[in-house]
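Notes for the one structure printed next.
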């Protein structure tokens, strides 16, 4: 009976150690998950801040103010526009013809009955 009690006691200690190891490992993993969640939240906050900064930088009113301050542009006058009838005709020969397509020429000259050279043609085949 004593041997059985000692075996049960050893198994109980081993089970307690195993449960403790599982608990410790689960606590470590929970801490890692919490750290990762914090990292993800910090990254999301950084992305939101960058998006807000980008929206500020691309604000049309801000860009217009920079244009007025740094570029010597004048507003368009109605006399600056012209009708399409007054435009000159397109100069002849400005569009170059396309070069011949060598691959298309090979495909057009393809003979399905020709041997590819990888295997000799046997008499009576084709």
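Given the condition modelled with pLDDT of 65 or more, surrounded by 10 or more Cβ atoms within 10 Å (Cβ to Cβ) and at negative phi, answer yes or no: does some residue in region 84-104 qualify? Yes: region 84-104 contains one or more residues that are modelled with pLDDT of 65 or more, surrounded by 10 or more Cβ atoms within 10 Å (Cβ to Cβ) and at negative phi.
Would you mind finding the one in 62, 42 that is in a helix (DSSP H, G or I), at pLDDT 95 or above, surrounded by 10 or more Cβ atoms within 10 Å (Cβ to Cβ) and at negative phi?
Details: 62 fails: at pLDDT 95 or above.
Only one candidate qualifies: 42.
The values are calculated or read from the model by the stated rules, or taken from the named source; none is laboratory data. Predicted, not measured: the structure shown is a model, and the values here were computed from it. In this analysis, Cβ positions are derived from the backbone assuming ideal geometry, glycine residues included, and neighbour counts consider all displayed protein chains.
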